[in-house]
Amino acid sequence: MSALMERIKFGNLWNELGQSDLILVTANGVVDGHGSLVMGAGAAREARLKFPGLDALAGQGLRTLREFDRVIYGVMLSPFNRQGTQVGLFQVKYHFKWPAEFGLMRASAMSLRRYARQYRRIAMNFPGVGHGGLELRRALPMLSALPSNVTLYLYPNQEAECRTILNGMY
């Protein structure tokens with residue numbers, strides 16, 4: 001259990017600016033009528049506010065991928081960088097109104113593996129929980145699919161629940 005707990009932090013993901021090489025936020029695949037990725041809640045909203053234009057840039061990239069109702073991009077890196085930390089997106093949903101999906105999260109984790117070696121340290125909000133709609137108990141196994149240089153962030157009020165779940169798993 002301790003190895004997994006070392007990869008989970010409780011606090012503010014944005015404290016990683018200047019510490020991690022890459023911060024990823026979970027996102028969906030919906031482009032609005034203005035051509036921007038919908039980033040209206042959770043860590044995606046925070047990233048949109050901290051990096052103005054991120055939603056428009058992501059939407060532009062997704063328009064080229066759109067062939068069907070559902071867009072799958074997995075991981076999308078952006079040129080936005082603050083204090084030496086790049087920001088990107090980790091897809092967990094097809095549509096912002098739908099819950100996160102394990103299959104899509106696994107595909108995004110595989111996509112991340114292609115990029116992970118380029119970075120010493122990657123931080124991201126915990127995929128699937130919060131606005132993703134998944135219970136932490138169901139989302140925790142996702143941790144094993146992510147590269148070992150990824151640290152996941154949860155809110156401090158989730159620490160006791162996380163420790164209880166991990167103690168029961170191992």
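Kindly indicate whether Phe90 is touching a Pro at 6+ places or on another chain (Cβ under 7 Å) and under 28 Å from Ala160 (Cβ atoms).
On the way: touching a Pro at 6+ places or on another chain (Cβ under 7 Å): yes; under 28 Å from Ala160 (Cβ atoms): yes.
The answer is yes for Phe90.
Give Leu166, Leu140 a once-over and let me know the one that is crowded, with 20+ Cβ neighbours inside 10 Å and of a type in the set (A, V, I, L, M, F, W, C). Can you show your working first?
Numbers: Leu166 fails: crowded, with 20+ Cβ neighbours inside 10 Å.
Matching residue, one of Leu166, Leu140: Leu140.
Just checking, how many residues over region 112-127 are crowded, with 16+ Cβ neighbours inside 10 Å, more than 10 Å from Val150 (Cα to Cα), more than 12 Å from the chain's Cα centre (by Cα) and at pLDDT 95 or above?
Selection size over region 112-127: 0.
When residues of region 79-93 are filtered for being open to solvent by less than 60 Å² (accessible area, probe 1.4 Å), touching a residue at least 40 places away in the same chain (Cβ under 8 Å), more than 23 Å from Arg137 (Cβ to Cβ) and of a type outside the set (S, T, N, Q), how many remain?
Kept after step one, since they are open to solvent by less than 60 Å² (accessible area, probe 1.4 Å), are these residues of region 79-93: 80, 84-93.
Those left that are additionally touching a residue at least 40 places away in the same chain (Cβ under 8 Å): 84-93.
Restricting the remaining residues to those that are more than 23 Å from Arg137 (Cβ to Cβ) gives 84-89.
Now drop any that are not of a type outside the set (S, T, N, Q), which leaves 84, 87-89.
Within region 79-93, residues that are open to solvent by less than 60 Å² (accessible area, probe 1.4 Å), touching a residue at least 40 places away in the same chain (Cβ under 8 Å), more than 23 Å from Arg137 (Cβ to Cβ) and of a type outside the set (S, T, N, Q) number 4.
So if I check each of Leu24, Leu62, which one is more than 16 Å from the chain's Cα centre (by Cα) and either part of a helix (DSSP H, G or I) or within 23 Å of Gln118 (Cβ to Cβ) (or both)?
Details: Leu24 fails: more than 16 Å from the chain's Cα centre (by Cα).
Being more than 16 Å from the chain's Cα centre (by Cα) and either part of a helix (DSSP H, G or I) or within 23 Å of Gln118 (Cβ to Cβ) (or both) holds for just one of Leu24, Leu62, which is Leu62.
Please work out which residue is surrounded by the most Cβ atoms within 10 Å (Cβ to Cβ), limiting yourself to region 1-21 and to residues that are in a helix (DSSP H, G or I) and touching a residue at least 60 places away in the same chain (Cβ under 8 Å).
Leu13
Could you say which residue among Leu24, Leu17, Leu13 is closer than 19 Å to Glu101 by Cβ and either modelled with pLDDT of 95 or more or touching a His at 6+ places or on another chain (Cβ under 7 Å) (or both)? Break it down stepwise before answering.
Values: Leu17 fails: closer than 19 Å to Glu101 by Cβ; Leu13 fails: closer than 19 Å to Glu101 by Cβ.
The unique qualifying residue is Leu24.
Which count do you get for residues in region 145-160 that are touching a helix residue (DSSP H, G or I) at 6+ places or on another chain (Cβ under 8 Å), assigned to a helix (DSSP H, G or I) and either under 23 Å from Ala116 (Cα atoms) or open to solvent by 90 Å² or more (accessible area, probe 1.4 Å) (or both)?
1
Please work out if Gly130 is without any contact (Cβ under 8 Å) to a residue 40 or more places away in the chain, on the phi > 0 side of the Ramachandran plot and touching a helix residue (DSSP H, G or I) at 6+ places or on another chain (Cβ under 6 Å).
Numbers: without any contact (Cβ under 8 Å) to a residue 40 or more places away in the chain: no; on the phi > 0 side of the Ramachandran plot: yes; touching a helix residue (DSSP H, G or I) at 6+ places or on another chain (Cβ under 6 Å): yes.
So Gly130 does not fit the description; no.
Restricting to region 69-119, and then to whatever is in a loop (DSSP other than H, G, I, E, B) and among the charged types (D, E, K, R), can you tell me which residue is farthest from Val31 (Cα to Cα)? Show your work before the answer.
From region 69-119, those in a loop (DSSP other than H, G, I, E, B) are 69-74, 83-84, 92-101, 117-119; that's our starting set.
Add one more test, that the residue is among the charged types (D, E, K, R), and what stays is 69-70, 93, 97, 101, 117.
On the way: Asp69: 11, Arg70: 11, Lys93: 13, Lys97: 13, Glu101: 19, Arg117: 30 Å.
Ranking the qualifying residues of region 69-119, first place goes to Arg117.
I want to confirm something. Restricting to region 27-41 and keeping residues that are open to solvent by 20 Å² or more (accessible area, probe 1.4 Å) and more than 16 Å from Tyr94 (Cβ to Cβ), which single residue is modelled with the lowest pLDDT? Spell out the reasoning first.
Just the residues of region 27-41 that are open to solvent by 20 Å² or more (accessible area, probe 1.4 Å), to begin with: 30-34, 38, 40-41.
Checking the rest, the ones that are also more than 16 Å from Tyr94 (Cβ to Cβ) come to 33-34.
Numbers: Gly33: 91, His34: 94.
Among those that are open to solvent by 20 Å² or more (accessible area, probe 1.4 Å) and more than 16 Å from Tyr94 (Cβ to Cβ), it is Gly33.
The values are calculated or read from the model by the stated rules, or taken from the named source; none is laboratory data. This is a predicted model, so every value here is computed, not measured. Neighbour counts are summed over all protein chains in view; Cβ atoms, including those assigned to glycine, are modelled from backbone coordinates with ideal geometry. Protein only, heavy atoms only, side chains kept; ligands, DNA and RNA dropped before computing areas. Shrake-Rupley method; radii C 1.70, N 1.55, O 1.52, S 1.80 Å.
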